[in-house]
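Please read the structure below before turning to the comments.
The values are calculated or read from the model by the stated rules, or taken from the named source; none is laboratory data. Note that this is a predicted model, so its numbers are computed, not measured. Every residue, glycine as well, gets a Cβ built from its backbone with ideal geometry; the counts of neighbours run over all protein chains shown.
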Amino acid sequence: MRSARSAMCVLFALLLAAGLAAAQNSADQEQKQPKRRVAPPAWGTPNWSRKPVEKSTRKIVKYVPPKDAGDRGQYHGYGRDTQGAIKLIRAAELRQEQTGQGEVIYLQRDVKIVQDSLTIWCDEARHYRSQGRLEMFGKVVMINPQQRLDADRVTYYEASRRTLAHGHVVVTRDSLILRSTEAEYNVEKGIVRFEQPFTIRDLSRNVVMEGTSGSYDTRAEKGIFPSNPVLTHFDSTGQQDAEILADYMEFSRPGGQALARDTVQIVWENVKGRCQELWFWPDSSRALMVKEPSIWRGRDEADGDSIWLFITNSLLDSTVITGNAVAWTPSDSSDTSPRSTLRGRRIVMDFDQGKVVRMQSDREAIGVYHLFDKGRDRGSNKVSGDRVVLLMRAGELRDVIVVGGTQGLFLPPRLAKTLRTDESESKKPADLQ
């Protein structure tokens, strides 16, 4: 009967946006990966303190595009060429001064500036001509063919096009929305750097990612999040259905592929899981857990060298456990029944409406299951073969199929106690019992 704590799933969906920010003198460091753990923590240690405990009732907030006054935000920059020069289109007031920093042009109210395919609007600007620096304040909007930037304050260098944005920074890039309080974009390297808490939202995948630092490569369309990343996935109704925590995350937008690494934790619906590395493909609703993966839901559990999860219509459809695969499941629908066990090199579990209906173990397959008839204990069986299949209905074992090299052992209830204790022992961390 053994069915393994089925399930867990999804995550990621990720996203990333592009946008602004990354100092030239730090851009080379963007490509480097952060330090990794020398060894993963033991199960049940305090290193898992960031674990999500229960499914959240959080709902995604509907995205509302910014409302612009006048022609602000209306982009008409394709095919325009100012030969790299900054050109003033309009301003309510213009004042010119000679200062210790050279000539400074002060612009006030309803300012509009262009540079080739870039259009800028703001409430106030200062142009330090000799330094090629433009400082802008108050509802700054910068638009080019790839993205839009909104911020309270922006410093822009016209030659390198390096951009520093501060206060309510929002970058919109296709279906990606990025928010932070500070960002720096190195155009030459195509790297965006974030040093303040930020949020990235993928509208097409219903994914939100939050972190305290990170970077985004606008050329490779790849984001890296090395500090306290959290990925949240929402269903079609806007209700949270998955949350992923880890020490490190990254996302490749072209392939729609997300990676969580080191102390990875997942909550999906009523399923929880842990591993050291997790891959997630939100477009195809599948995930792969490797390096000490473990999943559980209620009294169902599964461990192995790797665990694949496949989702259909927001429900777990099947899971494949490979390597040293093992699964536990209650013997019947009661809360006190001993748990049956299935072991092998590969275990496939099939689900119907989120419940296990079939479990198959191949290669070195061993099954230990316990028999109950209307609550009455009928003993335990231990079988082995090339393949062991358990068929279930309504949470109870209905049939067992053993193929190839079949061996079996039956123990009546009075002799089955030791077998049940050994095989039903939980492998779940003590802090999650």
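Laid out as a table, the results:
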read-out	value
Filter result for residue 170 (over 23 Å from residue 61 (Cα atoms), part of a strand (DSSP E or B), modelled with pLDDT of 85 or more and out of contact with any His (no Cβ under 8 Å at 6 or more places or on another chain))	no
Residue count, the stretch 228-267 (criterion: in contact (Cβ under 8 Å) with a residue 60 or more places away in the chain and either in a strand (DSSP E or B) or basic (Lys, Arg) (or both))	23
Flag if residue 195 is on the phi < 0 side of the Ramachandran plot and under 24 Å from the mean Cα position of the chain (by Cα)	yes
Residues that are modelled with pLDDT under 85, β-branched (Val, Ile, Thr) and more than 11 Å from residue 178 (Cα to Cα), drawn from the stretch 193-218	218
Output for the stretch 203-223, where each listed residue is crowded, with 20+ Cβ neighbours inside 10 Å and assigned to a strand (DSSP E or B)	207, 208, 209, 211, 214, 215, 216, 217, 223
Filter pass, residue 187 being free of Cβ contacts under 8 Å to residues at least 40 places away in the same chain and β-branched (Val, Ile, Thr)	yes
Residues within the stretch 398-419 that are modelled with pLDDT under 75, of a type in the set (D, E, K, R) and surrounded by 11 or more Cβ atoms within 10 Å (Cβ to Cβ), tallied	1
Residues being buried (at least 18 other Cβ atoms within 10 Å of the Cβ) and under 20 Å from residue 385 (Cβ atoms) - total across the stretch 329-345	6
Cross-chain or 6+ apart pairs with Cβ under 8 Å, the stretch 58-72 first and of a type in the set (Gly, Ala, Ser) and part of a loop (DSSP other than H, G, I, E, B), then at pLDDT 80 or above and surrounded by 12 or more Cβ atoms within 10 Å (Cβ to Cβ)	70/110
Of all residues making up the stretch 333-369, the number that are farther than 15 Å from residue 298 by Cα and out of contact with any Phe, Trp or Tyr (no Cβ under 9 Å at 6 or more places or on another chain)	22
Enumerated strands (runs of 3 or more DSSP E) restricted to the stretch 293-372, each holding at least 3 residues that are more than 30 Å from residue 417 (Cβ to Cβ)	306-312, 315-330, 339-352
Residue list for the stretch 125-177, restricted to those being farther than 16 Å from residue 91 by Cβ and of a type in the set (Lys, Arg)	133, 148, 153, 161, 162, 173
Tally of residues being in contact with a Lys or Arg (Cβ under 8 Å, 6 or more places away or on another chain) and not charged (D, E, K, R) across the stretch 238-267	15
Selected residue (only one of 318, 334, 361, 380 is among the hydroxyl-bearing types (Ser, Thr, Tyr), assigned by TED's automatic domain parsing to the domain that holds residue 242, in contact (Cβ under 8 Å) with a residue 24 or more places away in the chain and within 30 Å of residue 239 (Cβ to Cβ))	318
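For (1) without any contact (Cβ under 8 Å) to a residue 12 or more places away in the chain; (2) in contact with a strand residue (DSSP E or B) (Cβ under 9 Å, 6 or more places away or on another chain); (3) surrounded by fewer than 24 Cβ atoms within 10 Å (Cβ to Cβ); (4) not aromatic (Phe, Trp, Tyr), each residue gets a yes or a no:
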position	(1), (2), (3), (4)
269	no, yes, yes, yes
277	no, yes, yes, yes
280	no, yes, no, no
286	no, yes, yes, yes
292	no, yes, yes, yes
296	no, yes, no, no
299	no, yes, yes, yes
305	no, yes, yes, yes
309	no, yes, no, yes
